[in-house]
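Have a look at the structure below, then the notes.
What follows draws every value from the coordinates through simple rules; no lab data is involved. Bear in mind the structure is a predicted one, so any value in this text is a computation, not a measurement. Because the Cβ atoms are built from the backbone with ideal geometry, glycine has one as well, and the counts that use them run over all protein chains shown.
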Amino acid sequence: MWRLLRRPVFQPVIRRVEYLLRFWYALRLEGRSGLGHIQTLLSKKHWGVDLGSPFERLPDGRLIACVRTDARNQGMQKLESDYPWASTIDLEIFLKGFHAGEQYALGTLDRQLRSSAAVGSPDYSKGSNSMPPVATQQDSKHDL
């Protein structure tokens, strides 16, 4: 039976059946996803996404653009340029992943600081003189 199907005459039929099965599977997956998107959108009053605060306040009281919000915005712009059909639900999912990545990075950083303090490395959280240099915004003559 299988030898018969390997003949060149049946190859176009087999390719067509494989394509239809893949199409059916993709339709099944995206149908479920699409229904979930629609249900979520209809359950919301507003269909936008919250990127966070556009500004952050420096210790001296000046406002500057929020780096985290800029990074989220750039990531969403990249997502929308790569996938123009992405909906606000897709953007929310992206932002949840972005937030989870931030939390992971912060958790990893905390573990590194604890382990370095345990082995006698400088503890940067106490403000010792061995603190690595930090980039700060310099006042220009326009700010004075």
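Just a few scattered comments:
- Taken over the range 1-101, the percentage of Cα pairs per 5 Å bin, counting from 0 up to the bin with the maximum distance, is 2, 10, 13, 13, 13, 10, 8, 7, 6, 6, 4, 3, 2, 1, 1, 1, 0.
- The string of couplings for the range 56-72 from the Karplus curve (6.51, -1.76, 1.60, θ = phi - 60°) is 10, 9, 6, x, 7, x, 6, 9, 10, 4, 6, 5, 5, 5, 4, 5, 4 Hz, one whole number per residue in order, with x for Gly and Pro.
- Highest average packing first - 72-79, 35-42, 58-65, Cβ atoms within 10 Å: 72-79, 35-42, 58-65
- Cα-projected label distance for Ser33 with Trp85, points at 7 Å along beta-carbon direction, nm: 0.9 nm
- Cα-centred dipole magnitude for the range 1-95, charges only on beta-carbon of K, R (+1) and D, E (-1), debye, nearest 20: 820 debye
- Only one residue of Gly31, Ile14, Leu41 has its Cα farthest out toward the positive end of the dipole of the range 1-45, where Lys and Arg carry +1 and Asp and Glu -1 on Cβ, and that residue is Ile14.
- With a simple spin-label model that places each label point 7 Å from the Cα along the Cα-to-Cβ direction, the separation between Leu63 and Ser43 comes to 3.5 nm.
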